[in-house]
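Accompanying notes for the structure given below.
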Amino acid sequence: MELVRISTAGSVDDGKSTLIGRLLYDNNALTVEQEELVAKKTKEKGWDDLDLSVITDGLMAEREQGITIDVANMYFSTKTRKFIITDSPGHVEYTRNMVTGASTAETSIILVDARKGLLEQSYRHFYISQLLRLENVIFCVNKMDLVDYSEDTFLEIGIQIKGMVEALDADIQYSIVPVSSLKGDNVVNSSNNTPWYSGPTLNDILHKEKVAVTERTPFRFDVQQVNHSQEKGFVDFRGLAGRVISGSVRVGDRIVALPSKKESVVTEVRRYTESLDSAKQGDSITISLADEIDVSRGVVFSSLDTIPNEDTSISCTVVWMDEKEGRAGAKYLLKTGSREFAVKIQAIHTKVDPTQANAKFDVDTIEINDLTNIDLKLSQPSYLDAYSENKSNGVFILIDPQSNNTVAVGFVNK
Amino acid sequence: MKNKHLLELENESIYILREVAAQFKKPVLLFSGGKDSIVMARLAQKAFYPSKIPFSFMHIDTGHNFPETIEFRDEIVKELGVDLIVRYVQDSVDQNKVQEESGKYASRNALQTVTLLDAIEEFGFDACLGGARRDEEKSRAKERIFSVRDDFGQWDYKRQRPEPFQILNGRINFGENVRVFPISNWTEEDIWTYILQDNLQLPSVYFAHNRKLVKREGAYIAYSDYLNIVESDEIEEKTVRFRTVGDMTCTAAFVSEADTVEKVLVENVESKHSERGARIDDKRSESALEERKKGGYF
């Protein structure tokens, strides 16, 4: 079984909760309790169609306001896939949640109301999907039942989407599906109402084969802890516990420890009691080296051929997540994996308006939900890569050392 | 490992457990002897092997637990060589810090919160590892991996820190502590599949067995001295198992013949009932668990 992480986004009322509900319902993935809840709420509202939105509307405040206000996670599985859906709200003020929700996903579903076409929010969602370089973006043109399943309407929205993708010069895989979440058209089951559409349903696309990305990136490894054991059979064992951030490593590989630049050879790759030949991106392992070089938490291992960026200043795009604004000269802690060190905002360049392609504005401060290009001065090299070249070693968060809040997520530019 | 997605989940959980050991001064793993905490213990064992698990386990004992679970709890702790701290809701009752509920639905489940918060303060724990999963309940679905709680243990969803790319910020202010949920992304099915794959042992109450039961409004509850029996209750004996194991007073039994992990897995999927469907404490209102969480419940 394979794990697929999906991020959903959509404006208020474009039926995102209903779409997810429909996806679960038609995949026969609802529990008896959820089915009872749907039946109860449908009856209360006196609807002819099932109210499937109640499955995902979580917190009390949301139930009162009828909207989704925070990132929520849902789980369901089919015969071949286990899905984690991260549902992010669609309001302007919650861009930060959208970025957070999409950050662990490889697929994003963007809902478009067939009656309204692309809205400001659609541009925002798409911009974030391409900023995060998600592998698969699916536009669901929803509420097709309300436009009499009109092919013309669908094609018109298709042209709008193409224009948006081209304006951003986005190198991204995308598909467009005409759906009605309420009626169930093309979500899981192909619809008779759209005879002009012969493409896959949403569910078909979600089951299409995953692309492995790990092989293309160079080896990076974050040391989380030095495992110094005195247990029986392991006296004086010294392993470096951590996670492979990108690429892969084999026993016998020569690696370099940063920042010391001391080299050594991998003598063992261990997962619990098992000795492995190799490990790849995402694996939590314990590495042993041939030499006793100085290694502690925060040290990065890299392959010898492609060493990450050693500069003490980086250019990056940040998404601001805190009420307190960001200013030039302000100090923060940069955190990525197990690396954590002081940084300062050296310069604030331009703010990007994701709803207007390529529109950039000069700004002095960074406000919550802003997407801004800045330069950071670092107290030590970050050993990060450009996000466009290595997604998993190209991101970080900024922490305000006074409030301890996570104030921003950053993407390293080339 | 046969299951690719389980390996991915295991990698993620081990990463989180190691971050906790590195970022906090005094973490503790909340351990009840139930299936989720048994998986947690296993993951912790894997994360730090060959070293021992570098933190204590703690159980907030309501006094109304299944004796089988308590026995099992003690065995596992011994096997792992970790310290187990037990704090009792009974003590909080005796100290008049909490008041026992009355009536036929009386349960000590909600009272645990006070005992838990007192224990956190007593030992100065800055991180409490728990086996809660996001698929259990709607308000759990919004929980972060590192969930910051204030001095009163309260959960405020508006103050939750964003966790982009699972970069975990464990920095806290004085007096605050963090609840950590390393198996957030596991589902009930994942837990059982993992138990099968790793051949983990579970308390006998999880498998079909004969038991004296109280039938109340169509649900079967274990007969025990802790239950306030009322006239309308019927007493029966049946072959049952428990799907979640909380207090004896608020966990309902399933009539079942499933006596192995394989059979339980198949039966759970086929039944289509949710796991917490049998938790009487969640049924009090639509937002019962959310209300308890805001008050510092686990």
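Summary of values
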{"read-out": "Count of the range B:112-125 residues which are in contact with a helix residue (DSSP H, G or I) (Cβ under 9 Å, 6 or more places away or on another chain) and open to solvent by 20 Å² or more (accessible area, probe 1.4 Å)", "value": "3"}
{"read-out": "Test: A:ASN203 is in a helix (DSSP H, G or I) and of a type in the set (S, T, N, Q)", "value": "yes"}
{"read-out": "The range A:15-49 - residue that is within 14 Å of chain B (Cβ to nearest Cβ), touching a residue at least 40 places away in the same chain (Cβ under 8 Å) and not in a helix (DSSP H, G or I) and, of those, farthest from A:LYS143 (Cα to Cα)", "value": "A:ALA29"}
{"read-out": "Options B:ARG161, B:ARG133, B:ARG144; residue that is crowded, with 20+ Cβ neighbours inside 10 Å, basic (Lys, Arg), over 17 Å from the mean Cα position of the chain (by Cα) and within 13 Å of chain A (Cβ to nearest Cβ)", "value": "B:ARG161"}
{"read-out": "Checking B:TYR49 against (1) within 13 Å of chain A (Cβ to nearest Cβ); (2) in contact with a helix residue (DSSP H, G or I) (Cβ under 9 Å, 6 or more places away or on another chain), the condition it does not meet", "value": "(2)"}
{"read-out": "Search result, residues across the range B:41-63 that are modelled with pLDDT of 95 or more and hydrophobic (A, V, I, L, M, F, W, C)", "value": "B:ALA41, B:LEU43, B:ALA44, B:ALA47, B:PHE48, B:ILE53, B:PHE55, B:PHE57, B:MET58"}
{"read-out": "Matching entry among B:ASN268, B:ASN228 (being of a type in the set (S, T, N, Q) and closer than 19 Å to B:ASP36 by Cβ)", "value": "B:ASN268"}
{"read-out": "A:SER175 vs. criteria surrounded by fewer than 20 Cβ atoms within 10 Å (Cβ to Cβ), among the small types (Gly, Ala, Ser) and in a loop (DSSP other than H, G, I, E, B)", "value": "no"}
{"read-out": "Some residue of the range B:181-195 being in contact (Cβ under 8 Å) with a residue 12 or more places away in the chain and more than 20 Å from the chain's Cα centre (by Cα)", "value": "no"}
{"read-out": "Options B:GLY175, B:GLY170; residue that is in a loop (DSSP other than H, G, I, E, B) and either more than 29 Å from B:PHE123 (Cβ to Cβ) or at the interface with chain A (Cβ under 10 Å from one of its Cβ atoms) (or both)", "value": "B:GLY170"}
{"read-out": "Close pairs from the range A:220-233: first within 9 Å of chain B (Cβ to nearest Cβ) and more than 18 Å from B:ILE16 (Cβ to Cβ), partner open to solvent by 10 Å² or more (accessible area, probe 1.4 Å) and part of a strand (DSSP E or B), Cβ under 6 Å, at least 6 apart", "value": "A:HIS228/A:ARG238; A:SER229/A:PHE237"}
{"read-out": "Complete set of residues in the range A:82-116 that are of a type outside the set (Phe, Trp, Tyr), over 22 Å from A:ILE205 (Cα atoms) and more than 12 Å from the chain's Cα centre (by Cα)", "value": "A:PRO89, A:GLY90, A:HIS91, A:VAL92, A:GLU93, A:THR95, A:ARG115, A:LYS116"}
{"read-out": "Output for the range B:95-134, where each listed residue is more than 26 Å from A:ALA72 (Cα to Cα) and either touching a strand residue (DSSP E or B) at 6+ places or on another chain (Cβ under 6 Å) or assigned to a helix (DSSP H, G or I) (or both)", "value": "B:GLN112, B:VAL114, B:THR115, B:LEU116, B:LEU117, B:ASP118, B:ALA119, B:ILE120, B:GLU121, B:GLU122, B:PHE123, B:PHE125"}
{"read-out": "Residues satisfying the stated conditions in the range B:4-27, i.e. open to solvent by 20 Å² or more (accessible area, probe 1.4 Å) and more than 7 Å from chain A (Cβ to nearest Cβ)", "value": "B:LEU7, B:GLN23, B:LYS25, B:LYS26"}
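The values are calculated or read from the model by the stated rules, or taken from the named source; none is laboratory data. If you're wondering where the values come from, they're calculated on a predicted model, not measured in any experiment. Note that each Cβ is placed from the backbone with ideal geometry, even for glycine, and that neighbours are counted across all protein chains shown. We work out accessible area using only protein heavy atoms, side chains counted, and drop any ligands, DNA or RNA first. Shrake-Rupley method; radii C 1.70, N 1.55, O 1.52, S 1.80 Å.
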